[in-house]
Amino acid sequence: MGCFSCFDSREDEKPNLHNERDHPNESLPTAPSNISRLSSGGDRLKSRSNLGSRKESSSPKGLPDVNIAAHIFSFRELATATKNFRPESFLGEGGFGRVYKGRLESTGQAIAVKQLDRNGLQGNREFLVEVLMLSLLHHTNLVNLIGYCADGDQRLLVYEFMPLGSLEDHLHDLPLDKEPLDWNTRMTIAAGAAKGLEYLHDKANPPVIYRDFKSSNILLDEQHHPKLSDFGLAKLGPTGDKSHVSTRVMGTYGYCAPEYAMTGQLTVKSDVYSFGVVFLELITGRKAIDSTRPPGEQNLVAWARPLFNDRRKFAKLADPRLQGKYPMRGLYQALAVASMCIQEQAAARPLIGDVVTALSYLANQAYDHKDERRTKEERGGRILKHEEGGGSGCKWDFEGSERDESPRETAKMLNRDLDRERAVAEAKMWGENWREKRRQNAQGSFDGTNR
């Protein structure tokens, strides 16, 4: 496995990102001149009174009337904001370098400052990509880039501060006094993260492949609203007749799609696989790779796949820290989505838009473990055979009746050879049924108030 950069795992679980500076043949997004030159801010100290509001704009080639805007900070400003990068301001460390909490003197805004480690795994290339991507891309589920600093050989990125840290902080190695995430919050985080990917894949033009989707790159605000961060490895996706982008294999062991790791051929389905791994982390509470576990359980995907084929073992896939406080039917549906996303064949995976439809339904099915009657009903959730047969062989019955509970029937739903079209239809069906019920309820409420 050491043949691929993607598989150079480390025991300290730091983000496993690799420098691409020695590979000039890889294409970078067309950078506007102001970002390519990386205006330092230090050469503008004569007009420091305007630093708090200064922006630079330009239109990159190939994108009509797109404004690139980023605040330019001097190193002195960011040193002041972080109290000279003192240890008490330190938040964490990744492939780019160290991250510090700070507060802008001019506005009082809380910020997170990433300082490039000049001896680290990333460099000017990733710095450029990050500034460009987050200046062009704006969405409620993407972290907000406030600005950057390029004084001399200093390279720093300034983001909005996300007070709850990363999703990884709330899933793994929790201290005894820290409450685990409940089921509702996990589904809400999954749906939000999927919407961030959907924006990159379907709304951005040209599409963007994130390439480093993992739990440590999903940041949370006070309400556990997720935002994708760290775009240093992002790539513009294929356009026109091209089906993929060929590139050096980069990413983190345990999250890389198998076809990408083997061939270097990158598609949006590579991100879908990585999303499926993170979704499994949310469901199971396990790490993507955990060398402390027994052999056979160290790789999350390899451990989970056999369990998908036996309904009697589904409960083993739920995080023990949930203490059974989850809807059994919701667990089945979540496992179905995860199973679709981690298919070995890229063509068998759903598009992220279909995943968003399914997860939006799951996130809006509020679960209250104190409601015994609701719990009983949820645990009575059933699976029905498709009338036309074939495909995944089952569909969800929201009324809770069941015609066939056999493990063989369930295996048809979750086995590794799911028919893509029918599997995607399942996911869309859940979302469409939910939307229709909401529409009918809203219509009924309107009629009742106008009689």
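No value in this document is a laboratory result; all are computed from the given coordinates. Predicted, not measured: the structure shown is a model, and the values here were computed from it. Glycine also receives a Cβ, built like all others from the backbone with ideal geometry; neighbour counts cover every protein chain displayed.
The table for this structure:
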item: Phi-based couplings in Hz for segment 149-166 (Karplus 6.51, -1.76, 1.60; Gly and Pro marked x); result: 9, 9, 6, x, 9, 7, 10, 9, 10, 10, 10, 5, 7, 9, x, 8, x, 9
item: Sum of side-chain charges, V158 neighbourhood, beta-carbon under 10 Å (Lys, Arg +1; Asp, Glu -1); result: -1
item: Ranking of W303, W183 by count of other Cβ atoms within 10 Å, fewest first; result: W303, W183
item: Packing rank of 203-209, 349-355, where each peptide gets the mean count of other beta carbons within 10 Å, highest leading; result: 349-355, 203-209
item: E281, E198 arranged by Cβ crowding within 10 Å, fewest neighbours leading; result: E198, E281
item: I146 long-range amide H proximity, modeled H, under 5 Å; result: V158, Y159, E160
item: Members of K178/K269; K195/K313; K114/K214 lying beyond 26 Å, as alpha-carbon distances in this model show; result: K178/K269; K195/K313
item: Protection proxy ranking, peptides 79-85, 282-288, average beta carbon neighbours within 10 Å, highest first; result: 282-288, 79-85
item: Proxy reagent accessibility, fewest Cβ within 10 Å first, across D151, D177, D221; result: D177, D221, D151
